[in-house]
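I have placed the structure first, in the form of structure tokens, so that the comments after it can refer back to it.
The values are calculated or read from the model by the stated rules, or taken from the named source; none is laboratory data. Given the structure is predicted, the values throughout are model-derived calculations rather than measurements. Every residue, glycine among them, receives a Cβ derived from its backbone with ideal geometry; neighbour counts consider all protein chains shown.
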Amino acid sequence: MAASSAVGDDSLYPIAVLIDELRNEDVQLRLNSIKKLSTIALALGVERTRTELLPFLTDTIYDEDEVLLALAEQLGSFTALVGGPAFVNCLLPPLESLATVEETVVRDKAVESLRVISKEHSSPDLERHFVPLVKRLASGDWFTSRTSACGLFSVCYQRVPNSVKAELRLNFKNLCMDDTPMVRRAAAAKLGEFAKVLELEHLKSEIIPMFTMLASDEQDSVRLLAVEACVSIAELLKREEVEKLVMPTLRQAVEDKSWRVRYMVADKFIELQKAIGPEITKKDLVPAFQNLMKDCEAEVRASTASKVRDFCENLPTDGRQQIIMTHILPSVKELVSDANEHVKSALASVIMGLSPMLGKENTVEHLLPLFLTQLKDECPEVRLNIISNLDCVNEVIGIRQLSQSLLPAIVELAEDAKWRVRLAIIEYMPLLAGQLGVEFFNEKLNSICMAWLVDHVFAVREAATNNLKKLTQKFGKIWAQNTIIPKVLAMSSNPNYLHRMTTLFCVNVNKEIESMLTNGIIDVRCSQCCSPIVMVPKPEGTQRLCVDYRKVNAVTRTDSYPIPRLEDCIEKVGQSALISNFQTWKEH
Amino acid sequence: MAGVGSGGNDIQWCFSQVKGAIDDDVAEDFLYGKVVYQKITNMEVKILDFGSHGLLQGFKWISKLMYWMNKLWLLVPWKVPVLLVLLVKGEMIEKPNKQNKSQPHCRGEYNVYSTFQSHEPEFDYLKSLEIEEKINKIRWLPQQNAAQFLLSTNDKTIKLWKISERDKRPEGYNLKEEDGRYRDPATVTTLKVPVFKPMDLMVEASPRRIFANAHTYHINSISVNSDYETYLSADDLRINLWHLEITDRSFNIVDIKPANMEELTEVITAAEFHPNQCNTFVYSSSKGTIRLCDMRAAALCDKHAKLFEEPEDPSNRSFFSEIISSISDVKFNHSGRYMMTRDYLSVKIWDLNMESRPVETYQVHEYLRSKLCSLYENDCIFDKFECCWNGCDSVVMTGSYNNFFRMFDRNTKRDITLEASRENSKPRAILKPRRVCSGGKRKKDEISVDSLDFNKKILHTAWHPKENIIAVATTNNLYIFQDKVN
């Protein structure tokens, strides 16, 4: 030691600073120090890490959450630093105390790290150290420790002898029956995971009753978590067992009085469908799905509506068309005219996906009227969603069927009073143009695209120029030369400087045009007071447009207060009765 | 002597403790007892330790009281001029031998556990509104670990506080002495890991979450759901639902704001979650109605499931009818079967299964009906009295004027008026029942209505959930009374 200390001063110093900063008053410094905990441990060596550093860390649970979070994360990868798997159990005390703090993210991270290091325990160590920890947490006074315990059963269960297994099952059972809803929620959330590691006989005899009990808990928040467990448990069981053990609970959940539980079923419907298998789906889930589509709560209907396509896709292919036609489509028709716009827009985003499944005739006969209704919907979101998914229909029936109805819808969206709506429709313009063809586009849509270039909102103008680029890519240079360029050039002589600026944006974005216009741009300036534009080569080789203002600057008189002072503004406003807001951002 | 007690046995109430100033004009920095200042996270926290007759000075207005579960914690925010939340902890010595009921209870005193400022004065720049540093409501959260958690709210902002104890601190630096002097780095030859050493118990309060910017109007209630995961906050026109861990989002579940504010006829005065049904809550209105909503049915609870309303007695109708029917407090009983509402003159108990009228009505100070005109003039008619249940729901208690508070026994239908005053604040002094003369000739021990002091009012009362211990807040004192045990 003496020999090493003589040369150790320099190398010890940074570590000494790190250790001192573990208890610095500044949170940021403490956090940095905790993040370098492995460096400290390495310098201390495995022996001192075990005997000094870890006891210190076990007691530091008074710290800020972010420090504790970093600590919990660090400890998960500490095995080598305490001397390898043989000593891994000495990481348990600090993680145990972290698993009882009130902050959920810290607790979850501690549990995650505990799960990681559980794998590094040898089987005897697991039984000697890890299992007692799980039991301690599970019977802790505070629910924070009991909730943390729920996530630890599945990692140790399979590696312990049968007698211990029985105890663990009993402990988990107690957690499922805990007094506080938080613990029951944690148990319900981990039920599926625990079920997967359990022997099938115990699953049936012990977990299923727990599952049934949690699924009929008095707290909505517990019942809805049982729906998730439903998926994992159904995956583990045979079909007839699913029918007998899981379906009663699921049927009950579909008809639960609380909309949050029904929402959860709707949300997990596709997973449930896959877990339960085609037979029961046909018999039970189809009517359930119908019910959920007619649910009285809009949230549930919206969630169900967004699952229509996936649900239909996952139906067994034989008889699928018939099920959709007789059971699903009537409800879909009702949803199209739903009172809630979220429901309609959720449906609009997936309804087009039904047409490949139904084939051309049925699409024309049944779906087309629905698309047309939605295209005329008062809510722009719904119309947009339909337009954005046109490609699915295009494959089945060709877009011509729709084009006559599409046009008014597009025009209306293009002129919508909300600029976000205008912005959204621009995004779909290249897609539409590609599907409708160049003639239709020239005839009907070109003028709209040009109108956007002079929109009064910057974001729309910007998107419009990008749109031109995409259109040029789609229709080719020749088309651009004939249709776009004349109009863009015409704009460059517009007295409104914003329009001239848009011209520049167009040039900037449109590489195809740029090559043709680099010279032209200098020619087209025609305003009497215009500064020269210079193309400066950028480092990566492309060109940057710059405006040479040197002459303007030379003759400009400086105004000492170009922007009115805040005090002056307030003074002016003082006596006024009306005050309006103005936006200075992005509009100049 | 008539008393009101639980389980049919009459109780004699006796004085136990008083906290607060004796006179209003005592110097504010006058303090008995040991005061320890501890600087913690930019906030001055005082830990006050009082002897048996220690008095706390400088805090004028006691605004909220509450017992949490069976723990002897008492939460008291002081309103003006310094706003401090005071957590008083009493040590209770449980009788070791429960069979021997005649053995007297040994009860500890409530001592100040921690004080801290919960809300600072704020300014809403968008609306040019000053936000006062007062506390409108406080609520305990279920205990999750060794620390205590509570929600407190002013007009606009709700905060979640953690009150925790610390009895260890780290010791040992590598590069400096414990007093901060730096060591010469050259002398550092070995690394030292800090060690935790025991220290004097320190109580710290830290804000854990701040739920802001969700209310346009003044928040009047907060209530924690029985799922321990969500809580509601109500202002004059809206009720929002929050998740305790999410501060940037809340769901509006009730909105009674009319499209045109001129059509506004009523406001929300109080709201509370059912004690064990997680999807049921009630809210009361300034018109005297209580609406019960079921969150299972829909995400928005604009449509109530039940409307509790008593038809007005036409003979009592007057200019003040609507003002005095406004409900100032609504409380569920412990089982959740009944709820109690307090309007200006009465306490009503409703069965959740009967909407048409209350099952019980108790007149708190009916003698004031003839005085409503002058009470309107001095604004007292807008006072918001709270009410509370006793541990087994057999007695209800609420405050009145002249530092009187009233108890009503639901089984025996007897009632009693008691007074919280300095006169009988001798230890274990038995409280004498008071009577107010209600018309006719005044009897010897009666007090005439005209001599009542309307500036002395008891708005807040609390009853220990298990024991017969009550806490009563007067304008500048907190009184604690307990039943007389032989």
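Brief remarks follow.
- Here B:Gly180 meets each of (1) outside any strand (DSSP E or B); (2) of a type in the set (Gly, Ala, Ser); (3) under 30 Å from B:Ser223 (Cα atoms) with one exception, condition (3).
- Selection count, the stretch B:144-171, where residues are touching a Lys or Arg at 6+ places or on another chain (Cβ under 8 Å), part of a loop (DSSP other than H, G, I, E, B) and facing another protein chain (nearest Cβ under 9 Å): 1
- When the stretch B:251-271 is filtered for residues that are surrounded by fewer than 22 Cβ atoms within 10 Å (Cβ to Cβ) and either under 25 Å from the mean Cα position of the chain (by Cα) or of a type outside the set (A, V, I, L, M, F, W, C) (or both), the ones remaining, listed by number, are B:Asn252, B:Ile253, B:Asp255, B:Lys257, B:Pro258, B:Asn260, B:Glu262, B:Glu263, B:Thr265, B:Glu266, B:Val267.
- Being over 24 Å from A:Glu341 (Cα atoms) and without any contact (Cβ under 8 Å) to a residue 60 or more places away in the chain holds for only one residue in A:Asp295, A:Asp284, A:Asp310, and it is A:Asp284.
- The single residue among A:Val88, A:Val106, A:Val101 that is crowded, with 20+ Cβ neighbours inside 10 Å, closer than 29 Å to A:Phe143 by Cβ and within 10 Å of chain B (Cβ to nearest Cβ) turns out to be A:Val101.
- Considering the stretch B:226-237, the residues that are surrounded by 20 or more Cβ atoms within 10 Å (Cβ to Cβ) and more than 14 Å from every other protein chain (Cβ to nearest Cβ) include one that is nearest to A:Val222 (Cα to Cα), namely B:Leu232.
- The residues of the stretch B:112-143 that are part of a loop (DSSP other than H, G, I, E, B), closer than 16 Å to B:Glu245 by Cα and hydrophobic (A, V, I, L, M, F, W, C) amount to a single one, B:Leu141.
- Among the residues of the stretch A:326-360, those identified as in a helix (DSSP H, G or I), buried (at least 17 other Cβ atoms within 10 Å of the Cβ) and small (Gly, Ala, Ser) are A:Ser331, A:Ser345, A:Ala346, A:Ala348, A:Ser355.
- Residue list for the stretch B:309-343, restricted to those being in contact with a strand residue (DSSP E or B) (Cβ under 8 Å, 6 or more places away or on another chain), of a type in the set (Ser, Thr, Tyr) and outside any strand (DSSP E or B): B:Ser326, B:Ser328
- Out of A:Thr60, A:Thr100, one residue alone is of a type in the set (Val, Ile, Thr) and either within 19 Å of B:Asn174 (Cβ to Cβ) or out of contact with any helix residue (DSSP H, G or I) (no Cβ under 8 Å at 6 or more places or on another chain) (or both). It is A:Thr60.
- The residue of the stretch A:36-53 that is surrounded by the most Cβ atoms within 10 Å (Cβ to Cβ), among those that are within 10 Å of chain B (Cβ to nearest Cβ) and β-branched (Val, Ile, Thr), is A:Thr49.
- Positions within the stretch B:192-213 being among the acidic types (Asp, Glu) and within 11 Å of chain A (Cβ to nearest Cβ), in sequence order: B:Glu204
- With respect to (1) of a type outside the set (Ser, Thr, Tyr); (2) modelled with pLDDT under 80; (3) in contact with a Leu (Cβ under 7 Å, 6 or more places away or on another chain), the lone exception for A:Asn496 is condition (3).
- Some residue of the stretch A:304-319 being assigned to a loop (DSSP other than H, G, I, E, B), within 14 Å of another protein chain (Cβ to nearest Cβ) and loosely packed, with under 14 Cβ neighbours inside 10 Å: no
- Inter-residue pairs, beta-carbon under 7 Å, first more than 10 Å from every other protein chain (Cβ to nearest Cβ) and in the stretch B:174-191, second among the acidic types (Asp, Glu) and not in a loop (DSSP other than H, G, I, E, B), 6+ apart: B:Glu178/B:Glu171
- Here B:Asp200 clears all of (1) buried (at least 19 other Cβ atoms within 10 Å of the Cβ); (2) in contact with an Asp or Glu (Cβ under 8 Å, 6 or more places away or on another chain) except the condition numbered (1).
- Qualifying residue in the stretch B:325-333 (condition: more than 18 Å from B:Thr361 (Cβ to Cβ) and either within 14 Å of chain A (Cβ to nearest Cβ) or surrounded by fewer than 20 Cβ atoms within 10 Å (Cβ to Cβ) (or both)): no
- For the stretch A:464-483, taking the residues that are aliphatic (A, V, I, L, M), surrounded by 15 or more Cβ atoms within 10 Å (Cβ to Cβ) and farther than 10 Å from A:Cys506 by Cα, the one that is modelled with the highest pLDDT is identified as A:Leu471.
- The residue that is nearest to the chain's Cα centre (by Cα), among those in the stretch B:280-308 that are part of a strand (DSSP E or B) and charged (D, E, K, R), is B:Arg291.
- Single match in B:Ile246, B:Ile323 (criterion: over 21 Å from the mean Cα position of the chain (by Cα) and in contact (Cβ under 8 Å) with a residue 40 or more places away in the chain): B:Ile323
Okay, residues lined up against (1) surrounded by fewer than 19 Cβ atoms within 10 Å (Cβ to Cβ); (2) under 24 Å from A:Ile426 (Cβ atoms); (3) among the small types (Gly, Ala, Ser):
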| position | (1), (2), (3) |
| --- | --- |
| A:Asn362 | yes, no, no |
| A:Pro369 | yes, no, no |
| A:Leu375 | no, yes, no |
| A:Gly398 | yes, no, yes |
| A:Ser403 | yes, yes, yes |
| A:Pro408 | yes, yes, no |
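- If you go through the stretch A:266-303 and pick out every residue that is away from chain B (no Cβ under 14 Å), surrounded by fewer than 19 Cβ atoms within 10 Å (Cβ to Cβ) and outside any helix (DSSP H, G or I), you end up with 2.
- 1 or more residues touching a Ser or Thr at 6+ places or on another chain (Cβ under 6 Å): qualifying helices (runs of 4 or more DSSP H) within the stretch A:92-178: A:92-98, A:104-120, A:131-138, A:143-150, A:153-157
- Selected residue (criterion: nearest to the other protein chains (Cβ to nearest Cβ)) from residues of the stretch A:20-31 that are crowded, with 16+ Cβ neighbours inside 10 Å and modelled with pLDDT of 90 or more: A:Arg30
- Checking each residue in the stretch A:472-507 for being of a type in the set (S, T, N, Q) and within 16 Å of A:Glu462 (Cβ to Cβ) picks out A:Thr502, A:Thr503.
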